[in-house]
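Below you'll find the structure, written out as structure tokens, and then a few comments.
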Amino acid sequence: MIRACRDKPEIHVKEKVAIVLLSYNSRAYLEKFLPYVLKTAYPDHHLIIVDNASTDDTLDFLQMHYPQVDVLHIDVNHGFTNGFVESLARIDAEYYALLTSDVEVPPDWLDPLVEAMEANAELGACQPKIKTYRDRKSFEYAGASGGFIDKFGYPFCRGRIFDRVEEDKGQYNNPIEIFWASGAVFLLRSAAYHQVGGFDNDFFAHMEEIDLCWRIQRAGYRIMVIPESEVYHVGGSVILYGSTEKTFHNYRNNLIMLTKNLPAGRLIWMIPWRILLDLISGIQAMVSGRPADFGAVLKAHFHYWGSWGKWLKKRRDLKSRIPYRRLKGVYRKSIVWQYFIKGVKKFSDLPGQKKLAE
């Protein structure tokens, strides 16, 4: 059944888990990966596909081949974040299993995630181990075996630092607390999601899950990676990895996220440092023959500063509702220094990483 979000349909899921699969012009991916999702072994789930204003024949394909699947159709694409913002406001379930259309899941992918949630009421979100679809031996860029953040606000993963992805040899198979769970596929406690206000639509795409997980942690919940669950992600299917659009959103959204969530004492010194570090990164891109990336970094900063008042208002609103607290998954050193100056390319080689994995 295809329902238009403009009509504000509500889906009251009788099952414990709503698998919410976000799709945009994804006919090819749905044809390839939807059969795997439909074989999900965990019995207490309900699948809902959110069509984010596709312009291809996605809706016709679903209507013809999967008429039994609920489809929420959004008329206008206002970004990756809005696809979930609009749909999750209308889906009533205890847990949301958020999934992008370019992920292959095995039948038992959901069971360990739900078991972890059921065993720990403080767990707000958890992700599986995410590996590359085209190279089953390697971790995938967007999440790997759990997301972290360094003292300057740069995100990285257990299994991926900047663009260097590790081979999975079982070295990160232990479940641990992390800072953020990957937006490619993760399980959310719906009460935690709505308590902190859900995804921030100003992000459009990229780092929206990090911002969400930061707020979930501030609300007193925990975030974990459960490597017993393992999935395979294509990645870069809408905004390509390495594109200037991705560079713009990553740099801009990172600054917005820091402004919203950091205590005042850290924000005051953090932003000047980030201006310097981002400028160095932009110059490095220019010297390396990527002037468009330098332009994307400058554009990100101009956009951020041009809406400074808006980000401060978000910060004040958030502070009034959710307190600051010490967070898990924060690397107290500089990942930039370790990677580019010290030459550390693996998570397991990072000084102090054992404290992150406790």
Task: Value of relative contact order over the chain, rounded to a whole percent, pairs C-alpha under 8 Å and six or more apart - done: 18 percent
Task: At R0 = 35 Å, FRET efficiency that the Cβ-Cβ distance of residue 120 and residue 164 yields, to 0.05 - done: 0.65
Task: Cβ crowding within 10 Å averaged over residues, with 144-150, 217-223, 345-351 ranked highest first - done: 144-150, 217-223, 345-351
- [ ] Classify region 259-309 as rounded, prolate or oblate from the Cα gyration tensor: take a ≥ b ≥ c as the square roots of its eigenvalues, call it rounded if a/c is under 1.5, otherwise prolate when a/b beats b/c and oblate if not.
- [x] oblate
Task: Long-range amide H partners of residue 19 with built H, under 5 Å - done: 46, 47, 48, 97
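As a footprinting exposure proxy, order 209, 10, 31, 86 by other Cβ within 10 Å, with the fewest listed first.
10, 31, 86, 209
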- [ ] Using θ = phi - 60° and the Karplus relation 6.51 cos²θ - 1.76 cosθ + 1.60, list the HN-Hα couplings for region 327-341 in order, rounded to whole Hz, with x at every Gly or Pro.
- [x] 10, 8, x, 9, 7, 7, 10, 9, 5, 5, 5, 4, 7, 8, 9
Task: For residue 53, distant residues with modelled amide H under 5 Å away - done: 74
TODO: Could you please rank 277, 258, 212, 72, placing first whichever residue has the fewest other Cβ atoms within 10 Å of its Cβ?
DONE: 277, 258, 72, 212
Open item on the list: Given the C-alpha atoms of region 43-128, compute the convex hull and give its volume per residue in Å³.
Closed with: 125 Å³
Open item on the list: Of the candidates 105, 17, 287, which one comes out as most mobile in a Gaussian network treatment of the chain with C-alpha springs shorter than 10 Å?
Closed with: 287
Open item on the list: To check you understand DSSP bridge types, tell me what percent of the beta bridges within the chain (both residues inside) are antiparallel, rounded to 5.
Closed with: 35 percent
TODO: Would you calculate a helix-derived [θ] at 222 nm for the chain, using -39,500 (n - 2.57) for each DSSP H run of n ≥ 4 and dividing by the full residue count, to the nearest 500?
DONE: -11500 deg cm²/dmol
TODO: Taking only Cα atoms and a 10 Å spring cutoff, compute GNM fluctuations for the chain and point out the largest among 286, 207, 117.
DONE: 286
Task: Exposure proxy order (Cβ contacts within 10 Å, fewest to most) of 208, 140 - done: 208, 140
- [ ] Just need the Rg to Rh number for region 84-183, please, alpha carbons only, Kirkwood Rh.
- [x] 0.97
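What size of dipole, in debye to the nearest 20, comes out for region 2-233 about its Cα centre when the only charges are +1 on Lys and Arg C-beta atoms and -1 on Asp and Glu C-beta atoms?
360 debye
Where a number appears in this text, it was derived from the coordinates with a stated rule and is not lab data. The structure displayed is predicted, hence computed values, not measured ones. Ideal geometry is used to build each Cβ from the backbone, glycine not excepted, and the neighbour counts take in all protein chains shown.
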